[in-house]
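Please treat every number below as a calculation from the coordinates, not as lab data. Computed from a predicted model, the values in this text were never measured in an experiment. Don't worry about glycine lacking a Cβ; one is built from the backbone with ideal geometry, like all the others, and counts go over all protein chains shown.
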Amino acid sequence: MTILLYDLVGHDAGRPFSPHCWKAKMALAHKGLDAAKVPTRFLEVPKVEGGVSKTVPVIRDGDKIVADSFAIALYLDEAYPERPTLFGGEGGKAMARFVERWSQLTIHPYIATVALTDLHAMQDEPNAAYFRESREQRYGKRLEEVIAGRDAGLSAFRASLEPLRATLTYQPFLGGASPLFADYIVFGALQWGRIASPFRLLDDTDSIAQWFGRCLDLHGGIGREVEAAA
Ligand SMILES: N[C@@H](CCC(=O)N[C@@H](CS)C(=O)NCC(=O)O)C(=O)O
């Protein structure tokens with residue numbers, strides 16, 4: 001039976017933007033599993049599969065429902081052990097958790113501040129109102145005030161990626177010679193920025209931009225099915 005993936009979209013269902021949903025999509029593709037995407041708007045998230053989660057991604061695989069991108073990757077590796085591994089074993093799972101925390105705590109906050117108004121503009125009216133209210137409550141200021149610091153923060157952001165840049169001098173992927181879920185974690189964050197906002201997070205000559213290009217090419221180039229924001 002085809003796996004269902006609830007995938008966050010705005011008014012254009014052809015431009016799914018969520019970093020965590022991208023992680024899940026890359027994980028499914030890595031395992032060679034077909035998934036039917038269910039376009040889901042912010043206000044629909046609490047109703048997914050009878051309200052199993054406050055967030056997407058959520059997948060349904062037969063009777064099994066799994067929420068949270070990391071839990072989905074763990075589930076897929078356990079349920080489909082004969083297919084290519086996402087973690088390369090127990091140690092790989094533990095280290096992917098470090099990459100997930102690093103991405104969440106170091107990469108996500110800056111991309112969120114860059115893309116907030118663009119993400120708002122991607123929503124239809126009721127979802128835009130929800131997005132503005134929930135995010136302005138979270139940040140304690142207007143979206144426009146949050147993004148005002150993005151130019152000033154760019155060089156610090158690029159410098160904060162040095163651990164990734166330095167790692168890529170040893171190996172083409174975080175997973176080594178080929179990608180693992182750790183790559184998709186960071187990919188998801190940068191793909192979110194690429195789809196939501198024309199703001200240039202990376203210089204083209206940056207080795208991270210080259211690694212990101214390699215990730216966009218993976219699995220038949222699924223990452224390129226959605227064009228970069230212009
Ligand atoms: N730890 C979760 C985070 C998922 C998450 O934050 N999803 C966001 C979209 S990127 C969401 O569904 N937000 C719902 C909302 O803001 O109402 C994961 O990795 O799946």
Qualifying chymotrypsin sites (Phe, Trp or Tyr not before Pro) for the stretch 161-230 [loop in DSSP, other Cβ within 10 Å: at most 10]: TYR170
Calculated from backbone phi, Karplus (6.51, -1.76, 1.60) coupling profile of the stretch 89-97 in Hz, x at Gly/Pro: x, 4, x, x, 5, 5, 6, 5, 5
Site ARG83, offset 7 angstrom along Cα→Cβ, radius 14 Å on amide nitrogen, limited to the stretch 1-45, gives 1-5, 24-37
So if I place +1 on the C-beta of Lys and Arg and -1 on the C-beta of Asp and Glu, and nothing else carries charge, what would the dipole magnitude of the stretch 62-141 be about its Cα centre? I want it in debye, nearest 20. 340
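Exactly which trypsin sites (Lys or Arg not before Pro) in the stretch 178-220 are in a DSSP loop and have at most 14 other Cβ atoms within 10 Å?
Within the stretch 178-220, the qualifying trypsin sites (Lys or Arg not before Pro) (loop, at most 14 other Cβ atoms within 10 Å) are ARG200.
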The answer for LYS37, listing residues at least 5 apart or on another chain whose modeled amide H is closer than 5 Å to its amide H, is LEU5
Which entries of LYS31/LYS64; LYS37/LYS141; LYS37/LYS64 have Cα-Cα distances beyond 27 Å here? LYS37/LYS141
In order over the stretch 165-181: 3J(HN,Hα) from phi, Karplus 6.51/-1.76/1.60, θ = phi - 60°, whole Hz, x for each Gly or Pro, gives 4, 5, 4, 6, 7, 8, 7, x, 9, 4, x, x, 6, 9, x, 10, 4
May I ask for the longest run of the chain untouched by GluC sites (Glu not before Pro) that are loop-located per DSSP and have at most 12 neighbouring C-beta atoms (other than their own) within 10 Å? 83-226
Under the 7 Å Cα-to-Cβ spin-label approximation, ASP34 and LEU105 lie apart by a distance in nanometres of 4.2
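Starting from the Cα gyration tensor of the chain, take the square roots of the eigenvalues, sort them a ≥ b ≥ c, and report rounded, prolate or oblate (rounded when a/c is under 1.5, otherwise prolate if a/b is larger than b/c, else oblate).
oblate
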The chain - charge dipole about Cα centre, Lys and Arg +1 at Cβ, Asp and Glu -1, debye rounded to 20: 300
List the residues, sorted by chain then number, that are 5 or more residues from VAL58 or on another chain and whose placed amide H is less than 5 Å from its amide H. TYR6
So for R0 = 30 Å, FRET eff. of GLU44-SER207 from the Cβ-Cβ r, to 0.05, ends up at 0.20
Once phi for every residue in the stretch 31-42 is put through the Karplus expression 6.51 cos²θ - 1.76 cosθ + 1.60 (θ = phi - 60°), the whole-Hz ³J(HN,Hα) values, with Gly and Pro written as x, are 7, x, 9, 6, 9, 8, 8, 9, x, 9, 8, 3
